[in-house]
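Just below is one structure, and these are the notes that go with it.
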Amino acid sequence: MSSLALLGGKPVCNTPFPPWRSLGEEEVQAGLKVLKSGVLSSFVGTWSKEFSGGMEVRSLEKEWALHFRTRHAIAVNSATSGLYAAMGAIGIGPGDEVIVTPTSMSASATAPLVYGGIPVFADILQNTYMLDPRSIEARITPKTRAIIVVNLFGHSADMEAILLIAKRRHLFVIEDNAQAPGAVYQSRYAGTWGHIGVFSLNYHKHIHTGEGGVCVTNDAVLANRLKLIRNHAEAVIDSKGYAEEDDLTNMIGWNYRMTEIEAAIGRQQLKKLTALTRRKQGLGNVLRNSLLGMESEGLHAPHVGPNATHVYYTFPLRIEPAKAGVSRALFVQALQAEGVPAIERYAKPLYLSPLFQKRIAMGGHGFPFTLQPERRYTKGLCPTAERLYQEELFYIPWCSYEIGEEGVRQMTRAIQKVWEHRNDLGEAIHEPCERALRRK
Ligand SMILES: *Cc1c(COP(=O)(O)O)cnc(C)c1O
């Protein structure tokens, strides 16, 4: 008899992990103060001081820029809006190609479509799960204008190599840093390496304001364009503050404005970011270090670069089924039975979604894909991303739970237990079948 919980044994983690909460009394007070003032947003759509938002929004931006050591920070109402605004700010237009990753949240790859741009998928690296610089290089054409790099799961992408390519080929680099606030890469914060970095303040992230996002940049022109796009650009581009010779491209503005309540909460959340991520990072590293010995037999702990830190938005793991002698599905089921909240698959390669398969985006005739009739988003386009999705990559949503020292100890024991008894899992395949047969 095996002691695995999946086969009837006692589970290692005896109590469910409580949900993650980053909010405290400070946020309640900050939000209440704004609510009591009655001024829930100060944005106006005319060229004035308030064109850039109220006191809380502007303070959040000042503090965000200071914290991440960037020249400018522009608050928006989501990271998705931030990515759209970034595409607009760098001047993406119909037919322009933007290199994206297949392994992420959908907006990381669909943002170019909003301006008629064409997402071009490059493959990922099997150890970091992020864009492979060599694949990026191979996908560059004369129409390529930018790369959207995602700092996935809480760790920076290989920015050194990617920035080198971008510089040589005169491309913009936009960093989707929704999952890696506070992660460090070579003595600078992740999200501050590209021309524009985009952070999320959505409820599911390390720190949040319900919904929200922040763009950062060191470029004054891009900062100004982001602010214009955020707030009805077209309504103010003939006013003072916008010069005759300024670039009118994409100056059709949206309403991506953040409210004063969100900004007030965001300011308190930002103060806590370092302590919160340090804790996530420390505990994640303890679990990671306990798994390093399994690497040679096919279970891979999260990659952490030599001059980088991981803030573990999720705790990604990779199993090589042939080497380990067990399928991912069974392994994850066994972990779940032990009480580890593991999830079997992460993000189906984005080009396999109907949007790209049917090539229908704006209107019913296939714009902007009609600008590139030959481009196909066929299966096999990014083999590593597909293999990892189908068979190897799984994760623990580290940021969804409050996992303390004892939680990490239990998870470590649970993973080690399933790993050591993985040969017993063969029984789990046959047992349900036999039971089903007996029932017949
Ligand atoms: C959450 C997330 C987003 C979107 O953030 P929102 O603020 O919800 O729009 C974008 N990219 C990645 C990688 C994310 O994880």
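The values are calculated or read from the model by the stated rules, or taken from the named source; none is laboratory data. Quick caveat, the model's predicted, so the values are computed rather than measured. Virtual Cβ from ideal backbone geometry, glycine too; neighbours counted across all protein chains shown.
Of the residues making up the stretch 364-378, those that are in a helix (DSSP H, G or I) and without any contact (Cβ under 8 Å) to a residue 12 or more places away in the chain number 1.
Considering the stretch 196-232, and only residues there that are more than 22 Å from PHE43 (Cβ to Cβ) and crowded, with 19+ Cβ neighbours inside 10 Å, the residue that is nearest to the ligand (Cβ to nearest atom) turns out to be LYS205.
On the basis of being more than 16 Å from the ligand (Cβ to nearest atom) and out of contact with any Asp or Glu (no Cβ under 7 Å at 6 or more places or on another chain), does GLU61 make the cut?
It is true that GLU61 is more than 16 Å from the ligand (Cβ to nearest atom) and out of contact with any Asp or Glu (no Cβ under 7 Å at 6 or more places or on another chain).
Among residues belonging to the stretch 38-49 that are of a type in the set (S, T, N, Q) and touching a residue at least 40 places away in the same chain (Cβ under 8 Å), point out the one that is farthest from ILE265 (Cα to Cα).
Looking at residues that are of a type in the set (S, T, N, Q) and touching a residue at least 40 places away in the same chain (Cβ under 8 Å), I get THR46.
Looking only at residues of the stretch 111-126 that are closer than 22 Å to GLY380 by Cβ and β-branched (Val, Ile, Thr), we find that the one that is surrounded by the most Cβ atoms within 10 Å (Cβ to Cβ) is ILE124.
On the basis of being of a type outside the set (S, T, N, Q) and either touching a Ser or Thr at 6+ places or on another chain (Cβ under 6 Å) or surrounded by 22 or more Cβ atoms within 10 Å (Cβ to Cβ) (or both), does ILE165 make the cut?
Working: of a type outside the set (S, T, N, Q): yes; either touching a Ser or Thr at 6+ places or on another chain (Cβ under 6 Å) or surrounded by 22 or more Cβ atoms within 10 Å (Cβ to Cβ) (or both): no.
Here the answer is no, as ILE165 does not meet what is asked.
Please pick out the residue among ALA5, ALA86 that is surrounded by fewer than 23 Cβ atoms within 10 Å (Cβ to Cβ) and either within 24 Å of ASN218 (Cβ to Cβ) or more than 21 Å from the chain's Cα centre (by Cα) (or both).
ALA5
Here is a yes/no grid of residues against (1) within 16 Å of the ligand (Cβ to nearest atom); (2) in contact with a helix residue (DSSP H, G or I) (Cβ under 9 Å, 6 or more places away or on another chain); (3) in contact (Cβ under 8 Å) with a residue 60 or more places away in the chain; (4) of a type in the set (S, T, N, Q):
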| position | (1), (2), (3), (4) |
| --- | --- |
| GLN269 | yes, yes, yes, yes |
| LEU273 | yes, yes, yes, no |
| ASN289 | no, no, no, yes |
| GLY298 | no, yes, no, no |
| HIS310 | yes, yes, yes, no |
| ALA334 | no, yes, yes, no |
| PRO349 | yes, yes, yes, no |
| MET362 | no, yes, yes, no |
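Scanning the stretch 79-98 for residues that are within 16 Å of the ligand (Cβ to nearest atom) and either in contact with a Leu (Cβ under 8 Å, 6 or more places away or on another chain) or in a helix (DSSP H, G or I) (or both) yields a count of 10.
Assess whether LEU40 counts as being aliphatic (A, V, I, L, M), closer than 30 Å to MET251 by Cβ and assigned to a loop (DSSP other than H, G, I, E, B). Yes. Of the residues SER52, SER22, the single one that is closer than 30 Å to ALA190 by Cβ, within 16 Å of the ligand (Cβ to nearest atom) and in contact (Cβ under 8 Å) with a residue 60 or more places away in the chain is SER22.
Residues that are closer than 19 Å to GLY182 by Cβ, in a loop (DSSP other than H, G, I, E, B) and more than 17 Å from the chain's Cα centre (by Cα) within the stretch 268-317 comprise GLY305, PRO306, ASN307, listed in sequence order.
Does the stretch 106-118 contain any residue that is within 30 Å of ALA264 (Cα to Cα), touching a residue at least 60 places away in the same chain (Cβ under 8 Å), away from the ligand (no atom under 15 Å from the Cβ) and not basic (Lys, Arg)? Checked against the condition, which is being within 30 Å of ALA264 (Cα to Cα), touching a residue at least 60 places away in the same chain (Cβ under 8 Å), away from the ligand (no atom under 15 Å from the Cβ) and not basic (Lys, Arg), the stretch 106-118 yields no hits at all.
Applying the criterion of being of a type in the set (S, T, N, Q) and buried (at least 24 other Cβ atoms within 10 Å of the Cβ) to the residues of the stretch 54-83, the residue that is farthest from SER108 (Cα to Cα) is SER81.
Being modelled with pLDDT of 95 or more and over 21 Å from ILE207 (Cα atoms) holds for only one residue in VAL57, VAL44, VAL12, VAL34, and it is VAL12. When you check GLY191 against the structure, is it modelled with pLDDT of 95 or more, at positive phi, more than 13 Å from the ligand (Cβ to nearest atom) and not polar (S, T, N, Q), yes or no? Taking the combined requirement at face value, the residue does not satisfy it. Within the stretch 309-323, the set of residues being at negative phi, crowded, with 19+ Cβ neighbours inside 10 Å and of a type outside the set (Val, Ile, Thr) comprises HIS310, TYR313, PHE315, PRO316, LEU317, ARG318. Only residues that are small (Gly, Ala, Ser) and over 19 Å from GLY212 (Cβ atoms) were counted across the stretch 38-53, and they come to 3.
Quick one: which of ILE162, ILE136, ILE147 is part of a helix (DSSP H, G or I) and either under 18 Å from the mean Cα position of the chain (by Cα) or without any contact (Cβ under 8 Å) to a residue 24 or more places away in the chain (or both)?
Exactly one residue qualifies, and that residue is ILE162.
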